[in-house]
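Comments concern the structure below.
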Amino acid sequence: MSSHRASPTSHSYFSQGLRLHYLDWGNSEAPPLLLVHGNRDHCHNWDWVAQALRDEYHIIAPDFRGHGDSDHIKGGNYSHIGYLYDLAQLIHQQKLAPLKVIAHSLGGSVALRYAGTYPENIEKMVVIEGTGGPSWLYQEVPVHERIQTFVDSTRASAGRSPRRYASLEEAFQRMRSENKHLSEAQARHLTVHGSNQNEDGSYSWKFDNQTHVMAPFDLTLEQSHALWARISAPLLLMSGSESEFGRFQQGDPARHFANARSLVFEQAGHWIQHDQLDRFISEVRAFFGEDR
């Protein structure tokens, strides 16, 4: 990011006793816009989007529990309902509703559940690959197998130390290998904000290792669709042509909503907001500007 551009301020709020972090990009007199990151990401994933839209909106970008600069849960046990409560608390405490939302992946799934629970609080929402879920949602997996998988995964995760990189450069190379569309500047920015230096001088990612473990029970597809049907606000559902997101999708997810349309970005993977930033901003502005 260029040094002459605007910088956000860091703040904390509390959710179930956890100190959680968020960025406030200023312009508090403008309409609120919440930017919600995905699993094992962090609030700085949105810095380029926030820079582009900060003059039009009052932008808030939180770190979920176990992510970025927010507290980890002792013992793990992360769940969608916990993330949803974090989101609900931030919106409630900062009096952001009604508001617009842009949410990615896990954040999209959580934001859609919030919108289905409190439809009156949402004006418009852009969701990037947030209508998916764990594979067992789409398959007949016996309950005992789900529980066994959860126990085994939790035990394995508890015994695994965070991966250490000898240098920030090594962590940067790992970041680049995960997304071929990232520019060098993007990858370095995400690496710097997404890692901490350990006491021995090595670097590790900030997210809690326990976020790798999926809860064994969650809403069923039918329950998710029932929540989605309650959302009255206009939705724009985005996906990337090169992402694996569509592998478990059964038809156009827009059909489950009262007022939604889908948009596929060519030459983009899971992180559309990075891979096709200019087009992403253009589409967001057009969508948010409709019916003004």
**OP:** Using a/c under 1.5 as the rounded threshold, could you call the stretch 177-292 rounded, prolate or oblate? The axes a ≥ b ≥ c are square roots of the C-alpha gyration tensor eigenvalues, and prolate needs a/b larger than b/c, oblate otherwise.
**Re:** oblate
Original post:
Rounded, prolate or oblate: which fits the chain, taking a ≥ b ≥ c as square roots of the Cα gyration tensor eigenvalues, rounded meaning a/c under 1.5, else prolate when a/b beats b/c?
Top reply: rounded
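Under the classification rounded if a/c is under 1.5, otherwise prolate if a/b is larger than b/c and oblate if not, where does the stretch 45-166 fall, given a ≥ b ≥ c as square roots of the Cα gyration tensor eigenvalues?
On the way: a/c = 2.14, a/b = 1.52, b/c = 1.41.
Because a/c hits 1.5 or more and a/b exceeds b/c, the stretch 45-166 counts as prolate.
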**OP:** Identify all lysines with a Cα-Cα distance to Lys100 below 23 Å; exclude those on the same chain that are fewer than 8 residues away in sequence.
**Re:** Lys124
**OP:** Using Cα centres only, tell me the gap between the stretch 252-292 and the stretch 94-129 in whole Å.
**Re:** 14
**OP:** Any chance you could check the Cα centroid distance between the stretch 224-243 and the stretch 146-164 for me, in angstrom?
**Re:** 31
**OP:** Express in % the proportion of alpha carbon pairs of the stretch 162-233 at distances exceeding 15 Å.
**Re:** 66
**OP:** In debye, nearest 20, what is the charge dipole magnitude of the chain about its Cα centre with +1 on Lys and Arg Cβ and -1 on Asp and Glu Cβ, if you could check?
**Re:** 300
Original post:
Among Phe245, Ser204, Leu221, whose Cα lies farthest out toward the positive end of the dipole of the stretch 182-290, if unit charges sit on the beta carbon of Lys, Arg (+1) and Asp, Glu (-1)?
Top reply: Leu221
**OP:** Would you kindly calculate the mean projected area, averaged across all directions, of the convex hull enclosing the Cα atoms of the stretch 226-292, in square nanometres?
**Re:** 5.0
Original post:
Could you state the number of Å between the C-alpha centres of the stretch 34-81 and the stretch 197-214?
Top reply: 17
Original post:
Which whole-number percent is the relative contact order of the chain (Cα, under 8 Å, 6+ apart)?
Top reply: 18
Original post:
With charges only on Cβ, +1 for K and R and -1 for D and E, what is the dipole size of the stretch 237-292 about its Cα centre, in debye, rounded to 20?
Top reply: 200
Subject >> Those GluC sites (Glu not before Pro) in the stretch 112-220 that DSSP places in a loop and that have at most 10 other beta carbons within 10 Å >> reply: Glu140, Glu199
Original post:
Cα extents of the stretch 90-154 along the three principal axes, largest first, in whole Å?
Top reply: 42, 23, 17
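Taking the Cα centre as origin and putting +1 on Lys and Arg beta-carbons and -1 on Asp and Glu beta-carbons, what dipole magnitude results for the stretch 72-209, to the nearest 20 debye? Intermediate values should be presented prior to the final figure.
On the way: 15 positive and 14 negative charges, 26 e Å.
It works out to roughly 120 debye.
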**OP:** Kindly state, to the nearest 0.05, the FRET efficiency for Ser241 paired with Phe14, given R0 = 30 Å and r defined as their beta-carbon distance.
**Re:** 0.15
Original post:
Based solely on its DSSP helices, what 222 nm [θ] is calculated for the chain when runs of n ≥ 4 H residues each add -39,500 (n - 2.57) and the sum is averaged over all residues, nearest 500 deg cm²/dmol?
Top reply: -10000 deg cm²/dmol
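Since every read-out is calculated from the coordinates, none of them should be taken as a lab result. Every value quoted in this text rests on a predicted model; they were computed, and no experiment measured them. When we count neighbours, we look across all protein chains shown, and the Cβ atoms used for this are built from the backbone with ideal geometry, even at glycine.
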